[in-house]
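Have a look at the structure below before the remarks.
The values are calculated or read from the model by the stated rules, or taken from the named source; none is laboratory data. Note that the structure is predicted; figures quoted are calculated from it, not measured. Please note: Cβ atoms are built from the backbone with ideal geometry, for glycine as well, and neighbour counts cover all protein chains shown.
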Amino acid sequence: MGDKTRTRLGYISADGVVGASPQEPFYQPTVLADITDDNPAAACEAFGPMASVMSYSDADEALARANATEFGLSAQVWGYDAATIQYLVRKLVAGTVWVNTYRSFHPTVPFGGMKQSGFGKENGFDSVKVYTQRKAVVWDLPTDRVLPYSD
């Protein structure tokens, strides 16, 4: 484990994340409650069993805070008001937005982040385009040939 990882683990564990140390670099499933915007957990892209719970007063505040991070791999919206959910889904800057679910995948649906969260997309037609190139062909055919579907 590198010094940067040790420093990061020590820094986050000093803020209350249980189970992280250079000897045990894995977190137990953890819910961080009452997180404020200046807490590192509010702005990091955590890959692990960790949820940062932040309170908000309305959908616009939640949207602004979610989009304030430099990352945009995925987001979740939980609720029942279809109009609010559609508004949030359109405005969230994230490569994937799950609604009332999490980590639901299908091979035909592209997956990948926005902003500092990755490059390109996996799965779906978008991933096929990475391995292909478009080509334009202009062919001057003789005018005396019989065209298909002509009289």
- request: Pull up segment 74-86, narrow it to residues that are touching a Phe, Trp or Tyr at 6+ places or on another chain (Cβ under 9 Å) and in contact (Cβ under 8 Å) with a residue 24 or more places away in the chain, then point me to the one that is nearest to A46 (Cα to Cα).
  value: S74
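For segment 91-106, which positions are at pLDDT 90 or above and either of a type in the set (D, E, K, R) or on the phi > 0 side of the Ramachandran plot (or both)? Give the steps one after another, and end with the answer.
Our first condition is that a residue be at pLDDT 90 or above; within segment 91-106, this holds for 91-101.
If the condition is that a residue be at pLDDT 90 or above and either of a type in the set (D, E, K, R) or on the phi > 0 side of the Ramachandran plot (or both), then K91, N100 are the ones that fit.
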task: Kindly provide the set of residues from segment 51-75 that are touching a strand residue (DSSP E or B) at 6+ places or on another chain (Cβ under 7 Å), under 22 Å from D34 (Cβ atoms) and crowded, with 17+ Cβ neighbours inside 10 Å, ordered by number.
output: S52, A66, F71, A75
- request: Please go through segment 116-127 and pick out each residue that is surrounded by 15 or more Cβ atoms within 10 Å (Cβ to Cβ) and either at positive phi or in contact (Cβ under 8 Å) with a residue 60 or more places away in the chain (or both).
  value: S117, G118, N123, G124
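Every residue, every condition in (1) part of a helix (DSSP H, G or I); (2) at pLDDT 90 or above; (3) touching a helix residue (DSSP H, G or I) at 6+ places or on another chain (Cβ under 7 Å), yes or no:
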{"residue": "T108", "(1), (2), (3)": "no, no, yes"}
{"residue": "S127", "(1), (2), (3)": "yes, no, no"}
{"residue": "T132", "(1), (2), (3)": "no, no, no"}
{"residue": "A136", "(1), (2), (3)": "no, no, no"}
{"residue": "P142", "(1), (2), (3)": "no, no, no"}
